Every structure is written in structure tokens, then in C-alpha cells.
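Worksheet for the structure shown next.
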Amino acid sequence: MSFLLPKNDGKLTIGIMGGTFDPIHIGHLVTAEEARQQFKLDYVIFMPTGNPPHKDKSQITDAEHRYLMTLLAVVDNPYFTVSRMEIDSKDTTYTIDTVRHFMKLYDSKLTLYFITGADAILDITTWKDYEILLKSCEFIAASRPGYSFSKLKAIMGNTFPEIIKRIHLLEIPAMAISSTFLRRRVAEGKTIRYLTPETVEQYIYKNRLYVK
Ligand code: NAP
């Protein structure tokens, strides 16, 4: 990932877009593009999960499929790229290790944001080394329409007021759809056209993903 070009002053601002992407959909893409613009990110690196601690691997589509679908979805955006770092790891993958890897690569020149779903961030205090993680980067929490930030505040604000300052909520109307919704539609033989890029749609059909 050292091919990311810093600005003229040597600085680099990146967003790591962490998710299972099973499959990637337009909600994810709109989230990444909105985050890029609002937070002036030079690049967004999509990071499909490898062996996350909180999920049973047998319930998730093979990592190579999720990686390839993500690649197909972002290939036409010059600011987006996909990393194999987590999917190639043999060990349990923790966000702190991913973040540390990038901090080490770019040192003090780097400003890092971790972008993911607001619901995933609700559990952040259970993540490995979360206090160090929150000092290392800021978080962008993508929410579905109608999501209330007070839920996050209620859980963390009182106990961890310093945490809440480092989490930015981004309401994304396109997140009304979800990966679960797409998987269910494919299983029911319903169309997923326009819910994900056409290349991803074709990849799903070609590889008979999500059929019962
Ligand atoms: P998840 O539980 O599958 O997803 C929770 C919610 O967030 C879902 O509604 C999901 O919608 C949404 N979401 C997930 N990724 C998103 C993204 N990039 N942008 C917008 N919405 C997103 O969460 P997950 O995918 O397993 O984990 C999310 C990230 O947190 C991953 O990078 C994972 O490695 C990290 N994580 C780290 C630890 C740790 O280090 N200990 C623990 C837990 C999670 P969709 O289903 O539509 O995507």
C-alpha cells in the first residue's frame, strides 16, 4: 500500500473503509465517497475483513469472492483502492493491527480515519486495545436514515466522553439498503439491479453466490 501518493507537503489523509462487504452495495460506495469529500481524504482504502474476532467464518462468503466484488465495485474511482491485508492474514484480524500497520508505513505524515457502520462502532469498547485505537485515528460512523446519535452517546457518552469526540456520525440515505437485504433478494430470485454496480451483480450470478 506504499503506492499511495502523498500531497506536495508530504502529508497524507486516508480513510480505511472496514467491512465484511458480503456483498458490497451502493450504500457502502456512497458512504466512502461522502466521507472522502467531507473529511478531505486523499484516498479511501476498502478493507474486507479477514478473520474478525466477532464473526463465525462459516457464516460469511469466502474472502476471495468478497475481495473481488469489492475490487469490481471501486475500480472506476481513482480515489478508491482495496487492500488484501486482512483477508490474507492467517491470524484473527483486529482493527488496531490494521491501523498500526498504516501508521508505521507513513509515520507522522499520516492522518487516519476508520470508516464503518455506526452499529459496528457501538461495540467499540469490546474491540482489542480500543483506547489506543481511538488515540490513533478518528472514526466515521455511517448510519442508516433515522439512526439516532443519542444511542451511541447513551452507551458511551457518559462513561467515555472522550470517545464520543473522536466519532463522527455520517447519515447516509443510501444505507437504507444492507448486505443482508441483497443476499435475501438473490435467495428469493428478486432483482438486485441498481443496488450494487452491475459488475458485482454479474459476479454474484456467475458464481451463484447467495442462492439457497
Ligand atoms: P457488521 O457487524 O457486519 O455490520 C454492522 C453494521 O454496520 C451493518 O448494518 C453493516 O451494514 C454496517 N457496515 C459494516 N461495514 C460498513 C461500512 N464500511 N460502511 C457502512 N456501513 C457498514 O460489521 P463488520 O462488517 O463485521 O465490521 C465492521 C468493521 O469493524 C470491520 O472492519 C471489522 O474488522 C471491524 N471490527 C473490529 C473489531 C476488533 O478489532 N476487535 C471488532 C468488530 C468489528 P452492511 O451489512 O450493509 O455492510
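Run the dipole for the chain about the Cα centre, Lys and Arg Cβ at +1, Asp and Glu Cβ at -1, nothing else charged, and hand back the magnitude in debye, nearest 20.
On the way: 27 positive and 24 negative charges, 60 e Å.
Once rounded to the nearest 20, the dipole reads 280 debye.
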At the level of C-alpha centres, the distance separating the stretch 111-157 and the stretch 92-110, in angstrom, is 17 Å
Whole-Hz Karplus ³J(HN,Hα) for the stretch 36-45, in order, using 6.51 cos²θ - 1.76 cosθ + 1.60 and θ = phi - 60°, x for Gly and Pro?
-> 4, 6, 5, 9, 6, 7, 6, 8, 10, 9
If the cut-off is 16 Å between C-alpha atoms, which lysines fall inside it for LYS151, apart from same-chain ones fewer than 8 positions away?
-> LYS165
For the chain, which whole-number percentage of the solvent-accessible area (1.4 Å probe, protein heavy atoms only) is attributable to carbon and sulfur atoms?
-> 52 percent
For every helix of n ≥ 4 consecutive DSSP H residues, a contribution of -39,500 (n - 2.57) applies; sum these over the chain, divide by its total residues, and give [θ] at 222 nm rounded to the nearest 500 deg cm²/dmol.
-> -9500 deg cm²/dmol
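Residues of the stretch 12-176: accessible area per residue at 1.4 Å, in Å²? Mind dumping the intermediate values first?
Values: 7760 Å² over 165 residues.
Accessible area per residue: 47 Å².
Could you order the peptides 195-208, 106-119 from most to least packed, using the average number of other C-beta atoms within 10 Å per residue?
Working: 195-208: 15.9, 106-119: 18.3.
The densest-packed peptide leads the list: 106-119, 195-208.
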What is the gain in length, in nm to one decimal, between ASP119 and GLN202 on full extension, counting 0.36 nm per residue of separation less the C-alpha to C-alpha distance?
-> 27.0 nm
Counting sequence-distant residues (5 or more places) and residues on other chains, those with an amide H built under 5 Å from that of ALA142 are THR116, GLY117, ALA118, LEU170
Convex hull of Cα atoms in the chain, direction-averaged projection (nm²) = 11.9 nm²
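The values are calculated or read from the model by the stated rules, or taken from the named source; none is laboratory data. In this text the structure is predicted, and so the values were computed from the model without any measurement. With ideal geometry, Cβ positions are generated from the backbone for all residues, glycine too; neighbour counts draw on all protein chains shown. Just so you know, the surface numbers come from the protein's heavy atoms only, side chains and all, with ligands and any DNA or RNA stripped out. Shrake-Rupley method; radii C 1.70, N 1.55, O 1.52, S 1.80 Å.
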